[in-house]
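Here's the structure, in structure tokens; my notes come after.
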Amino acid sequence: MCETIIFLPLENISFKIYKSTTELPENWDYVSHDNHFLQTPYLNVLEKSAPVNMECFFIGIFENNELIGTSLAQYLDLNKLESFGERDNCFKTKIRNFVFRNFASHVLFIGNNMITGQNGYTFIKPIDFKHVSDVMMQCSKALIQYFKEKKITIHIVSFKDFYTECSVELKKYDFGALYEFSAQPNMIFYLNKNWKTKEDYIQAFSKKYRDQYKRAHKKIEGIDVRELSYDDVLKYETNIYNLYYYVAKNAPFNTFFLDKHHFSTFKKQCGNRFRICGYFLNEKLVGFHTILLNGETLETYFLGYDETIQKESMLYLNMLYNMTEFGIENGFKKIIFGRTALEIKSSIGAEPVNMSGFILHTNKWVNKFMDKIFPKLEPEVHWQQRHPFK
């Protein structure tokens, strides 16, 4: 099969799907300048170190043969996973895992399943939602056909992560026939423009949460925090992966596990736009966090820690504080903290922002009852939002 999968006209809008970054148009990064997750350094990371059960596709959107938009699709084979996550071992979780193994193991994402946020597409000029809907739907059909020719049946197509204003518009067109779902909210910290230093941030807390901050920082005394260079990442790569894998494996649900060289590949491809901070106790790496500088937005990425040290040193909470302080001191407007650990993220200032996805099962009978099936498979999350500021 050639690198370009399809070229399908939609009035004067068309698209091409590429399997390699070497085939992308020369002006790809110029068109993708608003989102680093759609620029070639990050796409190279996916191409060189995607999870073992993932295959990535890069989509160019054209108007009269001129590139005006970029997008991303990912295929996941869940049969290649040893575990979906080991934290929850209840009967409902076992049923969910059985269903995923047998009826939803081949999943196509139009968007990026590795991060939280509206990162599925970007345009260099305004484009109406009808064309967005048309292109996304046609891309999914093209990829379904591609896998069909490889004797693989796509079970589920998921169009991932849209903010409310976009999902409302998309539902006016083909997306209106799909099942819309909302999983855990995206925790976003909109930073106060008057904060210039971490002291400004600390002073904004109410007494209860200022005391929490002081207690957390007291607990982490003796642990050295330092940014890792590319050579450092190579040196500690096995430790970094093991710390990541512990946290990922104990999450309630996973659809992939990162490649063992993912972090070094990311650092090599993206340089100072990708930061890794290590946490050392007696020169032993006991934790790390990662961030990506995405324009005026700071994107948090994967992290890991030694659970025995985390409990004693409040390591995770200190990581959240450290990422926040980096965002403030470097002039970012907001920090995307993603899903999971909702309550503790709200305690440092992040707020829940609902996002929608759209899902289609290629079996028309299963798809007909998706509104009844999907809610029973989604893990329940109970949490209390905290309000840490005066």
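Numerical summary
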| read-out | value |
| --- | --- |
| Where Ala251 falls short, out of the listed (1) part of a loop (DSSP other than H, G, I, E, B); (2) within 26 Å of Lys368 (Cα to Cα); (3) aliphatic (A, V, I, L, M) | (2) |
| Filter pass, Asn35 being in the same structural domain as Ala104 (by the TED database), among the polar types (S, T, N, Q), under 21 Å from Lys268 (Cα atoms) and modelled with pLDDT under 95 | yes |
| Selected residue (criterion: nearest to Tyr301 (Cα to Cα)) from residues of region 181-198 that are polar (S, T, N, Q) and open to solvent by 30 Å² or more (accessible area, probe 1.4 Å) | Gln184 |
| Hey, Thr308 outside the structural domain of Asn119 (by the TED database) and open to solvent by less than 40 Å² (accessible area, probe 1.4 Å) or not | no |
| Evaluation of Tyr201 against (1) exposed (fewer than 15 other Cβ atoms within 10 Å of the Cβ); (2) modelled with pLDDT of 95 or more (one fails), failing number | (1) |
| Residue satisfying condition, being outside any helix (DSSP H, G or I) and open to solvent by 20 Å² or more (accessible area, probe 1.4 Å), within set Pro41, Pro25, Pro51 | Pro25 |
| Output for region 257-279, where each listed residue is hydrophobic (A, V, I, L, M, F, W, C), out of contact with any Leu (no Cβ under 6 Å at 6 or more places or on another chain) and buried (at least 19 other Cβ atoms within 10 Å of the Cβ) | Phe257, Leu258, Phe263, Phe266 |
| Residue in region 340-381 that is least open to solvent (accessible area, probe 1.4 Å), counting only those that are at pLDDT below 90 and aromatic (Phe, Trp, Tyr) | Phe374 |
| Test: residue in region 170-180 that is of a type in the set (Phe, Trp, Tyr), open to solvent by less than 10 Å² (accessible area, probe 1.4 Å) and either in a helix (DSSP H, G or I) or closer than 26 Å to Lys376 by Cα (or both) | yes |
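For every residue, the table says whether it meets (1) within 24 Å of Val353 (Cα to Cα); (2) of a type outside the set (A, V, I, L, M, F, W, C).
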position	(1), (2)
Met187	yes, no
Asn192	yes, yes
Trp195	yes, no
Tyr209	yes, yes
Glu221	no, yes
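The values are calculated or read from the model by the stated rules, or taken from the named source; none is laboratory data. Just so you know, these numbers come straight off a predicted model, no measurement behind them. Here the Cβ is made from the backbone with ideal geometry for all residues, glycine too, and neighbour counts use every protein chain on show. Surface areas here come from the heavy atoms of the whole protein model, side chains and all, with no ligands, DNA or RNA. Shrake-Rupley method; radii C 1.70, N 1.55, O 1.52, S 1.80 Å.
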